[in-house]
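The values are calculated or read from the model by the stated rules, or taken from the named source; none is laboratory data. Keep in mind that this is a model prediction, so the values were computed, not measured. When we count neighbours, we look across all protein chains shown, and the Cβ atoms used for this are built from the backbone with ideal geometry, even at glycine.
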Amino acid sequence: MQKHPIIEQLIDAQLDFLDQEFNQSETIQTEFVQFYQWFRKQTLQDLWTSEAIHQLIQQQILNTPASSFLVEQIAEHIRFALVHPVNDSSKIADVIPVLTIDKIAQYVASKSGHRQRLIKTVVNNPAFAAMITQLIQHSIQDYMDNSVIAKSVPGVSRFMKMGKSVLESVTDTNLDQTIQHYLKKNVQKLTQMSESVLNQHFDDEKLYHFQANLWHKIKDLPLSVLKNYIEVQDLSQTVNLGHEIWDHLRQSEYLRQQVHDGVHAWYVRNQARPFDLLLHDLNIDEALVQQQLQQLLNPVIQKMIAEGYLKQRARHYLEKFYYSEAAQQILNLQTNN
C-alpha cells in the first residue's frame, strides 16, 4: 500500500488528538458515565438471550475443569487465613454477631416438627437400634463385673458371680446371650423409649438454651482454635477431595438440568427489566461507575497511552479507513474542488 503524505498527516494529527484527550482523567470519566447512561436504559432482552447466558455458563463453568493451579491457590488461601496471627487476638464473637446467633437459635428451636421427624428417622434406623442394644448389654456386663458395691462389700462379688452361674445353668445359655436375646425382642420398645426421651430433652425451650449456653462457652475463644479442628498440613488433600466432588457434579446431567432451568426461570423474571435495576441488584450504580470503576481503569488507559498501545491500535483502524475506497473518493473530490 502506497503511503499518501496528506493521509499520514491526518492520521498523526488524530492520534495526537486522542492521546491528548485520553490523557485527561475527565475524558475517561465522561465516557464511562455516557456509556453507563446508555447501557442502563437497555433491557436484558435487548442485549442477551436466555440461551446465550446458558451457553456461557455451560462452557465456562460446567464444561471447563478447574486448573490444578487454581485448586492449589484455594488451599493456600485457606491455609493463610487459618495461620494468620490476627486469629490469636480475635475472638469468635468478633466475627459472628451475637444477635444473628440468637436468631439462628430461635429458628432452630422453633422447628419442632422437623426435629421430631429427624429424631424418628434416626432412632428407627437399624444402626441406631444395634448401637443402643450393644450399649445396654455392655453396661449390664460392666456393672456385673465391676460394680462398686461388689468390690466394696465383702461377699457381694462372689454372690453376684454365683447368681450369674445359676441363671446360666437354668437357662442353658450364658448371661450375655440372654440379655442380647431380650434386647432384640424388645428393640422396637427401646427405640420408642429413645425417641420419647430425645424429644423430651430437645424440646423448643431446652434446645434454645442448649444453643445459647454453647455460644457463651465458645464466644470468647480465639479464632485460632479452628486449627484444632482443621488439619492445616492436610489442606491440599481435603481441598482436592472437595474439587473431586465438584468435578463430578459439574459433569452430571443433574447439574446441567438445574443450571439450564435456573437460568431460564431467572431470565423470564428479569428479561423486561433495564440494566440499571439488574446492576443495582449487584450494588453497581452510577456512583460506582463514576468513582471506583473510573479510578480503577484510568491507570490502565494511561499505561496503554504511555506504552503506545492505544496509538498502535488506533493507527490500524485509521489507516484502514483513510486508505479505503470511500475515503479516497472523498479526498479526491476535495482535491478537485
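Numbers for the structure displayed
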{"quantity": "Residues that are among the hydrophobic types (A, V, I, L, M, F, W, C), surrounded by 13 or more Cβ atoms within 10 Å (Cβ to Cβ) and more than 17 Å from Asn63 (Cα to Cα), drawn from segment 249-271", "calculated": "Trp266"}
{"quantity": "Segments classed as helices (runs of 4 or more DSSP H), wholly inside segment 248-337, with at least 1 members that are over 30 Å from Lys41 (Cβ atoms) and of a type in the set (A, V, I, L, M)", "calculated": "253-270, 294-306, 309-322, 325-336"}
{"quantity": "Inter-residue pairs, beta-carbon under 7 Å, first at positive phi and in segment 1-23, second assigned to a helix (DSSP H, G or I), 6+ apart", "calculated": "none"}
{"quantity": "Ala314, sole failed condition from (1) loosely packed, with under 12 Cβ neighbours inside 10 Å; (2) of a type outside the set (D, E, K, R); (3) in the same structural domain as Tyr36 (by TED's automatic domain parsing)", "calculated": "(1)"}
{"quantity": "Lone unmet requirement of (1) in a helix (DSSP H, G or I); (2) loosely packed, with under 13 Cβ neighbours inside 10 Å for Ile53", "calculated": "(2)"}
{"quantity": "Pairs with Cβ under 7 Å, 6+ apart, first in segment 218-229 and closer than 12 Å to Pro85 by Cβ, second part of a helix (DSSP H, G or I) and charged (D, E, K, R)", "calculated": "Pro222/Asp88; Ser224/Asp88"}
{"quantity": "Only listed residue being of a type in the set (A, V, I, L, M) and in contact with a Lys or Arg (Cβ under 6 Å, 6 or more places away or on another chain), chosen from Leu235, Leu277", "calculated": "Leu235"}
